[in-house]
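Here is the structure we will look at, set down as structure tokens.
The values are calculated or read from the model by the stated rules, or taken from the named source; none is laboratory data. In this text, all values refer to a predicted model and were calculated from it rather than measured experimentally. Virtual Cβ from ideal backbone geometry, glycine too; neighbours counted across all protein chains shown.
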Amino acid sequence: MERANNQFCADAGGKYCPCHLAHSGDCIKCSLIRGEKTCECKWQGVCIYNELNHNKVVPVQERKEVLCKVIETREMETNIYLLKIKIPSYLSRDLCEPGAYVFMKEQSRESGYFNAPISVMDVDEENNILEVVVVPRGIKTKPLVSCEEVIIKAPYFNGIFGLKEIKSNLNNKCVVILDGLSQVNSLKVIKRLIRNDNEVQVFINEDGKRLEIIEEKIKDLGVNIQLFNLHDKEEILINYIRNNNISFVYSCGLIYFNKHILQLVDNIDENIKFAIPNNNLICCGEGICGACTIRLNNCRIKTCKAQMNGREFLSNLK
């Protein structure tokens with residue numbers, strides 16, 4: 001029998017809650033809304049069940065599409081582009097959060113079919129400039145690198161599994177491990193860890209794709225970078241974690257890379273907190289289309305909204 005999914009929802013208690021899933025009786029967080037007899041949400045914020053019952057006549061608060069000006073498009077490497085986009089001030093603060101991502105499409109497209117989920121690399125809050133990295137591979141992303149204006153739908157928050165582990169770290173020693181293009185969302189993680197008075201060390205896989213702009217921004221934050229690889233230099237990483245009382249590791253790569261890093265970490269200490277980027281397929285971002293749904297621990301989970309522990313995700317993924 002399939003168990004109910006009581007995962008934490010990245011939108012729970014926020015501006016966009018209750019969402020369409022709550023109104024249809026499919027809330028990720030609230031068991032009462034799903035028609036169960038007891039409350040099992042363990043939620044300490046505003047009660048979603050009460051909010052739904054009190055606001056049934058109020059339309060669902062939806063994220064809006066906004067036409068934004070592209071102020072710079074630069075090919076950093078072959079077929080890898082940096083876009084700097086002027087965004088409304090109300091989006092800047094939300095998009096600075098770890099795990100934030102946006103949907104983008106070219107300005108001439110009206111249909112939501114053309115929305116492409118794009119991780120936020122960085123945000124200049126003072127000037128309201130969004131920075132993203134785009135690899136033009138298909139009908140959704142190819143037009144983005146030649147647009148003067150783009151349509152942005154935002155903010156979305158579930159681009160990382162393990163947000164609780166990131167935000168709860170205070171005055172600890174942390175390691176951030178980067179590999180490939182997944183590293184674009186690492187800056188916001190590093191900034192949050194530093195803001196919480198953590199000591200951060202970054203390791204970059206020298207065998208993977210390296211982005212100079214990411215490395216420059218990390219160095220500008222005063223964070224040291226060390227190179228390693230999983231073939232003949234993984235002892236560099238292992239020894240650092242083992243000898244420096246590390247409490248948290250963020251492994252920012254594809255699933256095979258993250259699983260390898262998790263194995264290394266667990267061989268040292270299974271109590272080290274662990275987080276990873278959400279690399280699952282995302283289509284609508286609202287938990288409606290079902291494209292992002294996976295089965296984990298005998299639960300069907302909408303990974304565009306359901307927040308989970310990175311270690312649990314990798315350990316149970318088949």
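For the range 272-313, filtered to residues that are basic (Lys, Arg) and touching a strand residue (DSSP E or B) at 6+ places or on another chain (Cβ under 6 Å), the residue that is modelled with the lowest pLDDT is Arg300.
Listed by position, the strands (runs of 3 or more DSSP E) contained in the range 273-318 that have at least 2 residues being under 21 Å from Ser182 (Cα atoms) are 273-277, 293-296. Checked against (1) crowded, with 17+ Cβ neighbours inside 10 Å; (2) at pLDDT below 95, Asp232 meets all criteria but (1). Annotation note: Cβ proximity below 6 Å between a residue of the range 259-288 that is under 11 Å from Lys302 (Cβ atoms) and a residue that is charged (D, E, K, R) and buried (at least 18 other Cβ atoms within 10 Å of the Cβ) (sequence gap 6+ or interchain) occurs for Gly287/Lys302; Gly287/Lys305. Note on the range 124-151: among residues that are β-branched (Val, Ile, Thr) and in contact with an Asp or Glu (Cβ under 7 Å, 6 or more places away or on another chain), the one that is surrounded by the fewest Cβ atoms within 10 Å (Cβ to Cβ) is Ile151.
Table: residues versus (1) within 24 Å of the chain's Cα centre (by Cα); (2) in a loop (DSSP other than H, G, I, E, B).
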{"position": "Gly13", "(1), (2)": "yes, yes"}
{"position": "Ala22", "(1), (2)": "yes, no"}
{"position": "Gly25", "(1), (2)": "no, yes"}
{"position": "Lys29", "(1), (2)": "yes, yes"}
{"position": "Lys37", "(1), (2)": "no, yes"}
{"position": "Glu40", "(1), (2)": "no, yes"}
{"position": "Asn53", "(1), (2)": "no, no"}
{"position": "Glu62", "(1), (2)": "yes, yes"}
{"position": "Val70", "(1), (2)": "yes, no"}
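Restricted to the range 269-293, and to residues there that are over 17 Å from the mean Cα position of the chain (by Cα) and buried (at least 16 other Cβ atoms within 10 Å of the Cβ), the residue that is nearest to Gln307 (Cα to Cα) is Ile288.
Working only within the range 15-34, note down all residues that are within 16 Å of Val58 (Cα to Cα) and in contact (Cβ under 8 Å) with a residue 60 or more places away in the chain. Of everything in the range 15-34, those that are within 16 Å of Val58 (Cα to Cα) and in contact (Cβ under 8 Å) with a residue 60 or more places away in the chain turn out to be Cys19, His20, Leu21.
Among the residues making up the range 130-159, a single one is in contact with a Gly (Cβ under 8 Å, 6 or more places away or on another chain) and among the hydrophobic types (A, V, I, L, M, F, W, C): Phe157. Only residues that are touching a Lys or Arg at 6+ places or on another chain (Cβ under 6 Å), under 18 Å from Asn278 (Cα atoms) and part of a strand (DSSP E or B): list them for the range 85-113, please. Scanning the range 85-113 gives a single hit, Phe103.
Collect the residues in the range 94-114 that are in contact (Cβ under 8 Å) with a residue 60 or more places away in the chain and within 18 Å of the chain's Cα centre (by Cα), keeping them in residue-number order. Asp94, Leu95, Cys96, Glu97, Pro98, Gly99, Ala100, Tyr101, Phe103 - these are the residues of the range 94-114 that are in contact (Cβ under 8 Å) with a residue 60 or more places away in the chain and within 18 Å of the chain's Cα centre (by Cα).
Of the candidates Ile87, Ile33, Ile48, the single residue that is surrounded by 17 or more Cβ atoms within 10 Å (Cβ to Cβ), of a type outside the set (D, E, K, R) and more than 26 Å from the chain's Cα centre (by Cα) is Ile33.
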